[in-house]
Amino acid sequence: MNGLPQSEVTSEQILARILESLDDNKAEDVVQIDLRGKTSVCDQMVVCSGRSSRQVVSIAEKLVEDLKHDLGLLPKIEGQDTGDWVLVDTGDVIVHVFRPEVREFYQLEKMWMPLGKTAQTVT
């Protein structure tokens, strides 16, 4: 998949490439949350952790590079200055990369999961 026109890239392809990049770059505790029909913001949300601020920034920057190279996407990225919480927004899929302490504080998974359900951990 090299340089597909953005209009031809599906949210499933984006999600698959995101999960592959996160795995390749040693992101931890990767959780995928299906938001289709729940919000108009995005179809999927992915939450993961890096062990340090440096790793959080590195995971996010490498993800942006992979999406650009492989799918021709130019996602927005925010938060790389501090490395506590970096957000990568592709439009269809939003990725949150946290330091573990910051992730625990905000608990995004709990906010977006239906009552009684747990997030789908990606292995």
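We did not get these values from a lab; they are worked out from the coordinates using the rules stated. This structure is a prediction, so every number in the text was calculated from the model and none was measured.
Lysine pairs in the chain with alpha-carbon atoms under 24 Å apart, 8 or more places apart or on different chains: how many are there? Final tally of qualifying lysine pairs is 9.
Could you check how many percent of all C-alpha pairs in the chain are farther apart than 23 Å? Of all Cα-Cα distances in the chain, 25 percent exceed 23 Å. Note that the range 22-38 has calculated 3J(HN,Hα) couplings of 4, 5, 4, 9, 6, 5, 10, 6, 6, 10, 10, 10, 7, 10, 4, x, 9 Hz, one per residue in order, obtained from phi through the Karplus relation 6.51 cos²θ - 1.76 cosθ + 1.60 (θ = phi - 60°); glycine and proline are x. Considering helices alone, the calculated mean residue ellipticity of the chain at 222 nm is -11000 deg cm²/dmol, with DSSP H runs of length four and up weighted by -39500 (n - 2.57) and normalised per residue.
Kindly work out what percent of the DSSP beta bridges joining two residues of the chain are antiparallel, to the nearest 5. Of those bridges, close to 70 percent are antiparallel.
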